[in-house]
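The values are calculated or read from the model by the stated rules, or taken from the named source; none is laboratory data. The shown structure was predicted, so the numbers you read here are calculated from the model rather than taken from an experiment. With ideal geometry, Cβ positions are generated from the backbone for all residues, glycine too; neighbour counts draw on all protein chains shown.
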Amino acid sequence: MSEGSPFMQVVLTVVFAAAMFILVFAAANTEAPIAPIGDIIHNPQVVERLRSQGVIGQQSVDDAVDQGFRRVAITAHGMGPHLSQQASAAGVELIDTTCPLVIKVQRLAEKLVRQGYYIVVYGDSYHPEVKSVLGWANTSKAVAAKKIEDLPWNAPRGQEGPGKVTPPRKVALLSQTTKNIDELAPFAAKLQAMVIPNGGEFRFANTICEPTTERQNALKRLVHHDKVDLILAIGGRKSSNTARLAEVGNQMGVTSYQIERPEDILPEWLEGVDTVGITAGASTPDDVIEQVVHALVERGYQAPEGGIHPVDPDYVPAY
């Protein structure tokens with residue numbers, strides 16, 4: 001690597017974390033301390049900053065009350081309607097910072113249940129966002145799945161025989177907002193093939209959010225257009241969308257690592273690397289990306305032209 005020769009391309013779209021951070025931070029600075037229920041957000045730096053302002057995550061409303069909190073918050077990933085009921089019963093104030101894009105999926109799940117669909121949510125069953133969507137669906141006729149084998153059926157409609165379990169007539173597919181369309185689409189095609197025989201009705205709503213799609217498309221441009229040698233995906237270890245960015249980069253043939261901060265970068269990763277591509281999860285603050293860029297500049301890389309991401313004053317998010 002020659003001094004000053006590499007070029008670094010940085011890509012970032014931040015929507016998910018910003019809204020939640022601003023709402024909770026503002027609330028914590030105006031009145032009493034506030035306790036988000038569950039993981040505040042999947043980024044350690046944001047969690048540390050919120051803790052310094054009296055925003056301390058708790059695992060349940062009861063835990064928050066036991067710790068003396070009189071205000072609790074729904075995190076950006078969302079919660080089922082049970083949290084509102086628990087907060088009301090405990091006599092504590094509830095602040096809802098659910099990402100608007102997640103709310104859209106929650107409400108769509110409710111609507112589809114009313115229309116008689118069995119709901120399939122493409123996503124990680126353990127993830128709080130998926131749990132929140134299933135909570136709002138509020139039905140036993142719903143399941144989270146990432147593989148066809150995760151479904152409660154093993155045969156297409158109309159197929160008979162010992163051990164054969166087929167789908168109901170009406171099935172709707174939604175997605176966790178941070179998943180990858182390149183994996184969701186084949187899953188949807190396989191599920192459709194199971195549902196539509198014998199008069200089956202299949203509805204597919206691509207609920208992967210626009211910021212996630214933008215980041216994934218930007219990642220593809222890093223590989224195909226900018227010809228990067230290495231990709232660093234910056235985000236919390238628990239961040240599903242950051243992990244997906246690193247996975248997609250590796251699947252596209254470029255060595256990719258998920259990091260939380262500049263100290264995570266190992267010197268051997270940069271050996272023989274002329275061009276480093278940087279992307280970031282939805283919950284990663286700009287200053288953390290700036291720190292990573294600065295660390296790489298100190299190692300001889302050129303900073304990206306125009307800063308870490310361009311600002312479009314006419315951009316309007318789709319929610």
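Side notes on the structure shown:
- Taken over the range 245-272, residues that are crowded, with 23+ Cβ neighbours inside 10 Å and either of a type outside the set (Gly, Ala, Ser) or modelled with pLDDT under 90 (or both) amount to 1.
- Counted residues, the range 67-106 - those being among the hydrophobic types (A, V, I, L, M, F, W, C), closer than 22 Å to Ser125 by Cα and assigned to a loop (DSSP other than H, G, I, E, B): 3
- A search for C-beta distances below 8 Å between a residue of the range 135-155 that is touching a residue at least 60 places away in the same chain (Cβ under 8 Å) and any residue that is surrounded by 16 or more Cβ atoms within 10 Å (Cβ to Cβ) and in a loop (DSSP other than H, G, I, E, B), counting only pairs 6+ apart in sequence or on different chains, returns nothing.
- Those residues of the range 182-196 which are out of contact with any Ser or Thr (no Cβ under 6 Å at 6 or more places or on another chain), of a type outside the set (D, E, K, R) and surrounded by 15 or more Cβ atoms within 10 Å (Cβ to Cβ), in sequence order: Phe187, Ala188, Leu191, Gln192, Met194, Val195, Ile196
- Output for the range 83-107, where each listed residue is within 27 Å of Leu174 (Cα to Cα), of a type in the set (A, V, I, L, M, F, W, C) and surrounded by fewer than 19 Cβ atoms within 10 Å (Cβ to Cβ): Ile95, Ile103
- Residue in the range 273-293 that is crowded, with 16+ Cβ neighbours inside 10 Å, in contact with a Ser or Thr (Cβ under 6 Å, 6 or more places away or on another chain) and not in a loop (DSSP other than H, G, I, E, B) present: no
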